[in-house]
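Since every read-out is calculated from the coordinates, none of them should be taken as a lab result. Quick caveat, the model's predicted, so the values are computed rather than measured. Neighbour counts are summed over all protein chains in view; Cβ atoms, including those assigned to glycine, are modelled from backbone coordinates with ideal geometry.
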Amino acid sequence: MRDAPRLPSSPGFWRSPLRGPWFTSVLGLVLLAGITVLFLTGLVSYAAYNPDLSPVNDKTPGKGLLGFYLFAWPTDPHWLYRLNQGVHVTLGLTLIPVLLAKLWSVVPRLFTLPPARSLAHALERVSLLLLVGGGLFEFVTGVLNVQLDYVFPGSFYPLHFYGAWVFFAAFAAHAALKTPAAVRNLRRMRAGADDLVSPRPAEPTVSRRGALWFVGGGSLLLFATTAGQNTDGPLRRTALLAPHGGAEPGSGPNGFQINKTAAYAGISAAETGEEAWRLVVTGRTGTVRLSRAELLRMPLHSAALPIACVEGWSTSDQWWRGVRLRDLAALVGDGQDPPDVFVESLQRHGAFRRAALRANQVADERSLLALYVNGEPLSPDHGHPARIIVPAAPGVLNTKWVARLTFGEL
Ligand SMILES: Nc1nc2c(c(=O)[nH]1)N[C@H]1C(S)=C(S)[C@@H](COP(=O)(O)O)O[C@H]1N2
Ligand SMILES: [Mo]
């Protein structure tokens, strides 16, 4: 081979005949739609924590104006967070092959010399650095959180949240500049002169359409091995990419996914037993302490609600049975128009041992302090003797091993 260019900055170095405006444009338009949905479901997911309600709910304090869009998270439809987070995580994983193929398709541009021809060109390249760096950062932090179960306890949220704004700003600018040309490129299949087209292409081993099928097949495979984590029937076993190594939930009424076990949370049988455990409820008119037996003498109600975790897994609806939160509010003088409530677990350490629920969540008659699930007392790992369950709320607000409810003051 005479004169084979050895440097990635030489135009002839990149030889794949697949590269060209058509291939890059197809992938770019898929990402335009997909990443927009990821950004929106991500923002919604953050709002679902009700972060402006109480500092304990807010994993990114100091967000400032970036919280401009927050709203009171509703309780209807009851599967709202399950759907939103399922879409966010499943779509994010499914887009990985598309993102990688898109980066591969434009990689020659990374090595273009001179690095900057003008100030405008320099600015464009810096924005591309934010785009590529931000995109990789968001996908990597997201996958780590889903797969490794809180590798960065607490700090995942600010990283992923601020990263999303930086990435999406660069993404929006890039989309505004490139979308018109991408749409034109799709219309005319044949590539004209373009810096992505190799000046000395190698023999093709696969057509452009074949390559797209390959990328799409990769996406489909990721989808098929992820989506099952949003069920708890036999389909759950198809979720090969769901977090593993956690507690085996076993079978029977309590046989659905466990996030943190009682042992992990440091909850002992001694403190949850009939003798020791009391629920402390405080409100406008004072404090009452209730044993489990006393709770069981209150009116019990049922609600069919899922657990849906930020990590992207969820259960189908489980039958919870327990005391309505608003009935507990009524015990301490807050029956009419129940206020917000601050929930505390027996657990002494860990980010999820406390949570605040908004008045609309307390008022919903499906919001329970659950004592039973699917007809049996809660198992230790699912929060025995009592846990919170609220329609449409993220799993993190469904506090287990509840010890104290404080109505009104957060
Ligand atoms: N006390 C306490 N409650 C908690 C947690 C926790 O770590 N400690 N984890 C929360 C999270 S993140 C989820 S997704 C749900 C999971 O409930 P499960 O383990 O019963 O499925 O519990 C929530 N309640
Ligand atoms: Mo969770």
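K102: which lysines have alpha carbons under 21 Å from its alpha carbon, excluding same-chain residues fewer than 8 sequence positions away?
K178
Which residues make up the longest stretch of the chain clear of trypsin sites (Lys or Arg not before Pro) that lie in a DSSP loop with no more than 12 other Cβ atoms within 10 Å, not counting the sites?
Details: sites that count: R2, R6, R117, R188, R190, R297, R348.
It works out to 7-116.
Using alpha carbons only, how many degrees (0 to 90, rounded to 10) separate the axis of helix 119-148 from the longest principal axis of the chain?
40
Please state, to two decimals, what the Cα-based radius of gyration of region 262-407 comes to when divided by 2.2 N^0.38 Å (N = residues). Display every interim value, and only then the final one.
Working: Rg = 13.9 Å, N = 146, 2.2 N^0.38 = 14.6 Å.
Region 262-407 yields a ratio of 0.95.
Lysines near K400 by alpha-carbon distance under 20 Å, same-chain residues fewer than 8 away left out - which ones?
Leaving aside lysines fewer than 8 places away in the same chain, those within reach of K400 are K59, K260.
In whole Å, what is the distance between the alpha-carbon centres of region 292-327 and region 79-124?
Cα centres, region 292-327 to region 79-124: 41 Å.
From the convex hull of the Cα coordinates of region 345-388, what is the mean projected area in square nanometres? Mind dumping the intermediate values first?
Working: hull surface 14.8 nm².
Approximately 3.7 nm², given one-decimal rounding.
Using the Karplus curve 6.51 cos²θ - 1.76 cosθ + 1.60 with θ = phi - 60°, work out ³J(HN,Hα) for each residue of region 271-277 in order, rounded to whole Hz, and write x for Gly and Pro.
Per-residue couplings from phi come out as 7, 9, x, 4, 5, 8, 7 Hz.
Throw me the Rg/Rh for region 210-264, computed over C-alpha atoms with Kirkwood Rh, two decimals.
1.15
Note the per residue figure in Å³ for the convex hull of the C-alpha positions in region 21-238.
Values: hull volume 36.6 nm³, N = 218.
Normalising the Cα hull of region 21-238 by residue number yields 168 Å³.
Please build a GNM for the chain, connecting alpha carbons under 10 Å apart, and tell me which residue among D52, D232, D194 fluctuates the most.
D194
Kindly identify region 48-142 as rounded, prolate or oblate by the Cα gyration tensor criterion: order the square roots of the eigenvalues as a ≥ b ≥ c, call it rounded if a/c is under 1.5, otherwise compare a/b with b/c, prolate if a/b is larger, else oblate.
Oblate, because a/c is 1.5 or more while a/b does not exceed b/c.
Relative to the first principal axis of the alpha-carbon coordinates of the chain, what is the inclination of helix 96-105, with its axis defined by its Cα atoms, in degrees from 0 to 90 and to the nearest 10?
20
Do any GluC sites (Glu not before Pro) in region 307-410 lie in a DSSP loop with no more than 12 other beta carbon atoms within 10 Å, and if so, which?
The qualifying sites are E409.
Quote the relative contact order of region 21-238 in percent (integer), defining contacts as alpha-carbon pairs under 8 Å separated by 6+ residues. Walk me through the intermediate numbers first.
Numbers: 165 pairs, mean separation 70.6, N = 218.
The normalised contact order for region 21-238 reaches 32 percent.
Can you give the calculated 222 nm mean residue ellipticity of the chain, where each DSSP H run of n ≥ 4 adds -39,500 (n - 2.57) and the sum is split over every residue, rounded to the nearest 500 deg cm²/dmol?
Helix-only estimate at 222 nm: -12500 deg cm²/dmol.
In whole percent, what relative contact order does the chain give with Cα contacts below 8 Å and a gap of six or more residues?
20
Quick check on packing: order 302-309, 198-205, 29-36 by the mean number of other C-beta atoms within 10 Å, highest mean leading.
Per-residue Cβ counts within 10 Å, averaged per peptide and sorted highest first, yield 302-309, 29-36, 198-205.
For the chain, state what percent of all Cα-Cα pairs lands in each successive 10 Å bin, counting from 0 Å until the bin that includes the largest distance.
Bin by bin from 0 Å, the calculated values are 4, 20, 26, 20, 13, 9, 6, 2, 0, 0.
Report the local net charge at T179: Lys and Arg +1, Asp and Glu -1, summed over other residues whose C-beta lies under 15 Å from its C-beta.
+4
Say we join alpha carbon atoms closer than 10 Å with springs in a Gaussian network model of the chain; which of L331, L113, L279 then has the biggest fluctuation?
L113
Using a Gaussian network model of the chain whose springs link C-alpha atoms within less than 10 Å, name the residue from F156, F111, F71 with the highest mean-square fluctuation.
In the Gaussian network model the winner is F111.
In whole percent, what relative contact order does region 255-298 give with Cα contacts below 8 Å and a gap of six or more residues?
24
Would you please state which residues of region 366-410 a label at V288 would reach in this model, taking the label point 7 Å out along Cα→Cβ and a backbone N cut-off of under 20 Å?
Correct set: 366-372, 385-389, 402-409.
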